[in-house]
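Heads up, the thing below is written out as structure tokens.
The values are calculated or read from the model by the stated rules, or taken from the named source; none is laboratory data. Computed from a predicted model, the values in this text were never measured in an experiment. Positions of Cβ are backbone-derived with ideal geometry, glycine not excepted, and every protein chain shown enters the neighbour counts. Protein only, heavy atoms only, side chains kept; ligands, DNA and RNA dropped before computing areas. Shrake-Rupley method; radii C 1.70, N 1.55, O 1.52, S 1.80 Å.
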Amino acid sequence: MLHNTQTSYGAIAKWLHWSIALLFLCSYCTVYFRDWFTEKDTPENWLALQLHLSVGITVAVLVVLRILWRMSNRLPDPEPGPRWAHLAAHIGHYSLYVVMILMPLTGYIGTGVNTEFFMLFDIPKFESTALFNSLVVEGLGMSFEEFEKPIDTFHKEIMGEYVLLFLIFGHIGAALYHHLVLKDHTLKKMTTS
Ligand code: HEM
Ligand code: HEM
């Protein structure tokens, strides 16, 4: 089934969910491989950065498709449970959508180099776009260096190191709790057909 049904997510929702989950894992692996295992100004350091940027931009494209698909599809019925648990699940899922949008966006607008998209073609950095000029230079009266600082802190320190990890581990923990303790169909809805 391509579409979601009353009892399960469909093939497209599953594909989008698991591809994006894998890309999130890749975005962490590439950026921490760069930080921990490469020396500054070496080809490996550059390659790891470029893979991080390319993976992040792929997430941006997939998340747009995912939102459109979700808007045009029903959701499977939730498992029985208390109201607070349904509310927590809703808040958790919406927050994950917010980070799926904010991480690529803040990554892109806060990066001062072009993305060599999987070494295939170049995507110009935000600083060299007309939008940057009209929004940041003329609108806010800021240089790229001034603009980049808070955006970087948000992308790396606030979101990358804390908020995102908290949300993702909370989400995985909830999925495992449903599967192993409550023994309901929550995880199966996203895995089996
Ligand atoms: C799914 C999307 C993304 C996730 C989850 C993500 C996550 C992260 C994390 C965890 C860090 C490192 C934090 C640290 O050093 O402690 C980071 C750094 C960084 N990200 Fe992203 N990012 C994403 C997308 C992007 C995009 C689209 C770009 C740019 C086009 C980008 C540019 C950067 C840069 C330049 C750094 C600093 C690299 C370094 O210090 O080694 N990110 N990101
Ligand atoms: C090992 C990692 C993961 C597991 C085991 C997992 C498991 C699940 C399960 C079982 C559901 C269905 C929940 C329900 O219908 O009540 C779900 C939904 C969802 N997951 Fe994950 N997930 C993982 C990673 C991620 C990541 C990394 C993200 C985003 C950054 C994410 C975002 C979402 C969202 C937004 C939903 C709501 C349904 C939708 O609109 O697609 N998940 N996940």
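One chain, two ends: Trp36 and Arg83. Fully extended at 0.36 nm per residue, the span grows by 12.5 nm beyond their Cα-Cα distance. Here's how it looks for Thr115: its modeled amide H is under 5 Å from those of Ile123, Lys125, which are all 5 or more places away or on a different chain.
Rounded to the nearest whole Hz, the Karplus-based 3J(HN,Hα) values (6.51 cos²θ - 1.76 cosθ + 1.60, θ = phi - 60°) of region 114-123 follow the sequence 5, 8, 8, 4, 6, 6, 9, 7, 8, 10, with x at glycine and proline.
Around the Cα centre of the chain, unit charges on the Cβ atoms of Lys, Arg, Asp and Glu (plus for the first two, minus for the last two) sum to a dipole of about 1140 debye. Taking every C-alpha pair closer than 8 Å and separated by at least 6 residues, the mean separation divided by the residue count of region 120-193 gives a relative contact order of 11 percent. Taking only protein heavy atoms and a 1.4 Å probe, the accessible area of the chain is 70% carbon and sulfur.
In sequence order, region 89-95 has phi-based couplings of 5, 4, 4, x, 5, 5, 5 Hz under the Karplus curve 6.51 cos²θ - 1.76 cosθ + 1.60, θ = phi - 60°, and Gly or Pro positions carry x. Coupling constants for region 55-67 follow from the phi torsions by the Karplus curve (6.51 cos²θ - 1.76 cosθ + 1.60, θ = phi - 60°), and in residue order they are 4, x, 5, 4, 4, 4, 5, 5, 5, 5, 4, 5, 5 Hz; glycine and proline get x. Sequence-distant contacts, meaning Cα pairs under 8 Å at least 6 residues apart, place the relative contact order of region 25-175 at 21 percent. Entry note, region 11-90: relative contact order of 34 percent, from Cα contacts under 8 Å with a spacing of 6+ residues.
Accessible area per residue for the chain is 64 Å², calculated with a 1.4 Å probe on protein heavy atoms, without ligands, DNA or RNA.
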